[in-house]
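Novice: One structure, pasted below without further comment.
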Amino acid sequence: MPPLKVPIGHIHVSPKARRYVLDVLRTGRLSYGPYTRRFESRFARMHGARFAVTSSSGTVALQIALAALKEVHGWPDGSEVLVPATTFIATSNTVLYNNLRPVFVDIDPVHYGLDASRMERHITRRTRAVIPVHLFGQPADMDPILAVARKHKLSVIEDSAETMYARYKGRWVGTLGDIGCFSTYIAHLLTTGVGGINTTQDPELAIILRSLMNHGRDSIYLNIDDDDRTGHRKMRLIVKKRFSFVRLGHSARTTELESALGLAQLEESFVRDIRIRRANASELTRLLSPLEDRMQLPSIRPGCEHSFMVYPIVLRRGTRKDRIVEGLERRGIETRDLMPLLNQPVYRRLFKLDAREYPVSRWLLESGFYVGCHPGLGQPHLRAIASTLRRCLGR
Ligand SMILES: Cc1ncc(COP(=O)(O)O)c(C=O)c1O
């Protein structure tokens, strides 16, 4: 029998999801409509947020979050935004798209979030915001980050592309800062193919975000229902303004098809799937604990929840990563590097970064990788990961 494959991600399209997608195709309503409204309001409710706004990717969610805050606060071009030195490249790219400057801050060596104790050394009079990233499924340590942000009057954008339905000391990710940004890309916790979601408690920001992902339209007309069932005077105003663009926006809408897929998952499998992820991660940690002298396994910050989008492993000094990763891949166990950012060719050209300033990120880059722990994996897969790692380490 060929060895069991252990992929990084997994997708299951349930009969309900198929039904919803077919319903969209049957009605022919593809643009923003009832499925997206239900998807947004359910996602917002599940995260204790007043508003959720869908767009075409997590990257767009970040990009328009920055644009909205830049507009509201009048940040000049070239203002600085703190971002962790270990994250997916989209976090810092979106800072650049907004004519702002990313300033990298190292991460904490146990939970891998932006290290609040290192923020102040990077803050200048041009610093306007910080983007803590809830990496791998675990919230960053928000209380100290928020305290520094408050002290220096910084806006806070949560990059929660990898973390949903997790609480930090009782508060949901996506509601801890000014705007939360989520991704529903393939292999994420909620998968619609492509997609992003912003959450906020602020009605003014919600309106600006919706306008920004819709070409910067006047908020009087943001979807084709806005001119239905309205009085004569309002209708005249809408007709006058529906082709009025009040800010530089983007074409970043999704369709009802993505929302149909997302809504079906939220209604029937999302919470259960996250529970399975947590159970899989806990089982992996149990199986791998005899190897802890050679590798750092993920740990959960006290008082917090971890949604385990992936299962990160960082080898301790003295153990070579290439041999281990090769051994896993040869056995059919997929791995990925832990978000290498500082060494990216494009960033080497753009920035003069001194890797010595980022010892933790450097360690993750040299010695870290992740494997999957999604609901498509069961005991045999988890055992295969553990036994392969044991063999690679000669145990
Ligand atoms: C931390 C982080 N931020 C942003 C993104 C970008 O999301 P998307 O791929 O939906 O544009 C990702 C995506 O994978 C991510 O992991």
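Bear in mind that the values in this text are calculations on the coordinates, not laboratory data. Everything quoted here is computed from the prediction, not taken from an experiment. Glycine also receives a Cβ, built like all others from the backbone with ideal geometry; neighbour counts cover every protein chain displayed.
Novice: Count the DSSP beta bridges whose two residues both fall in the range 15-268, then state the antiparallel fraction as a percent rounded to the nearest 5. Present the calculation step by step, with values, prior to reporting the outcome.
Specialist: Working: 14 of 29 bridges.
Here the share of antiparallel DSSP bridges comes out near 50 percent.
Novice: Another one. When only alpha-carbon atoms are used, what values of Rg and Dmax, in angstrom, describe the range 305-395?
Specialist: 15.1, 46
Novice: Within 10 Å of each residue's Cβ, count the other Cβ atoms and sort Arg294, Arg277 from fewest upward. Provide the component values of the computation, followed by the final result.
Specialist: Working: Arg294 18, Arg277 23.
Sorted ascending by nearby Cβ count, the order is Arg294, Arg277.
Novice: I've got another one for you. Tell me the Rg and the Dmax, in Å, that the Cα atoms of the chain produce.
Specialist: When restricted to the Cα atoms of the chain, Rg and Dmax are 21.8, 78 Å.
Novice: Counting other C-beta atoms within 10 Å, which of Thr127, Thr191, Thr163 has the fewest, and how do the rest follow? Write down the numbers at each step before the final one.
Specialist: On the way: Thr127 20, Thr191 24, Thr163 28.
Listed from fewest to most nearby Cβ atoms, that is Thr127, Thr191, Thr163.
Novice: Please compute the net charge surrounding Val194, taking Lys and Arg as +1 and Asp and Glu as -1 over other residues with Cβ under 15 Å from its Cβ. Present the calculation step by step, with values, prior to reporting the outcome.
Specialist: Values: positive: Arg253; negative: Glu256, Glu258.
Once positives and negatives cancel, what remains is -1.
Novice: Can you work out the Karplus-derived ³J(HN,Hα) for every residue in the range 233-250? Use 6.51 cos²θ - 1.76 cosθ + 1.60 with θ = phi - 60°, whole Hz, and x for glycine or proline.
Specialist: Listing the rounded values in order: 5, 5, 4, 4, 5, 4, 4, 5, 9, 6, 10, 10, 10, 9, 8, 7, x, 10 Hz.
Novice: Now, a different point. Identify which of Gly177, Gly195, Gly28 has the largest mean-square fluctuation in a Gaussian network model of the chain, with springs joining Cα atoms closer than 10 Å.
Specialist: Looking only at Gly177, Gly195, Gly28, the biggest GNM fluctuation is shown by Gly28.
Novice: Still on this structure, please answer the following. If amide hydrogens are placed 1.01 Å from N in the peptide plane, which non-local residues have theirs closer than 5 Å to the one on Arg336?
Specialist: Distant-sequence amide H within range of Arg336: Tyr370.
Novice: Projected area of the range 226-307, taken from the Cα convex hull and averaged over every viewing direction, in nm²? Mind dumping the intermediate values first?
Specialist: Details: hull surface 45.5 nm².
Average projection, Cα convex hull of the range 226-307: 11.4 nm².
Novice: Also: Counting only residues 5 or more places away or on other chains, whose amide H sits under 5 Å from the amide H of Cys304 once H atoms are built in the peptide plane?
Specialist: Residues meeting the amide H criterion: Lys169.
Novice: Additional query: Looking at this model, which pairs from Lys153/Lys321; Lys151/Lys352; Lys5/Lys169; Lys169/Lys352 are more than 30 angstrom apart at the alpha-carbon?
Specialist: Working: Lys153/Lys321 41 Å; Lys151/Lys352 28 Å; Lys5/Lys169 37 Å; Lys169/Lys352 37 Å.
Correct reply: Lys153/Lys321; Lys5/Lys169; Lys169/Lys352.
Novice: While we're here: What ranking of Leu22, Leu135 emerges when the number of other C-beta atoms within 10 Å of each C-beta is taken as an exposure proxy, fewest first? Mind showing how you got there, number by number?
Specialist: Numbers: Leu22 11, Leu135 29.
With the sparsest Cβ surroundings first, the list reads Leu22, Leu135.
Novice: Follow-up question, since we're still on this one. Have a look at Thr319, Leu353, Ser289 and report the one farthest towards the positive end of the charge dipole of the range 270-392, computed about the Cα centre with Cβ charges (Lys/Arg +1, Asp/Glu -1).
Specialist: Thr319
Novice: Out of the range 150-232, which trypsin sites (Lys or Arg not before Pro) are coil in DSSP terms and have no more than 10 other C-beta atoms within 10 Å? It would help to have the intermediate numbers written out before the result.
Specialist: Values: sites: Arg150, Lys151, Lys153, Arg167, Lys169, Arg171, Arg210, Arg217, Arg229; in loops: Lys153, Lys169, Arg229.
Here the trypsin sites (Lys or Arg not before Pro) that fit, given the DSSP loop and packing criteria, are Lys153, Arg229.
Novice: How big is the range 41-83 on each of its three principal axes, counting only the C-alpha atoms and giving the largest first in Å?
Specialist: 37, 20, 18 Å, listed from the longest principal axis down.
Novice: Residue by residue through the range 54-62, which ³J(HN,Hα) values in whole Hz follow from phi under the Karplus form 6.51 cos²θ - 1.76 cosθ + 1.60 (θ = phi - 60°), with glycine and proline marked x?
Specialist: Computed from phi, the couplings for the range 54-62 are 7, 8, 7, 6, x, 5, 4, 4, 5 Hz.
Novice: How would you rank 39-49, 283-293, highest first, on the average number of other Cβ atoms within 10 Å across their residues?
Specialist: Numbers: 39-49: 20.1, 283-293: 15.1.
Output ranking for 39-49, 283-293: 39-49, 283-293.
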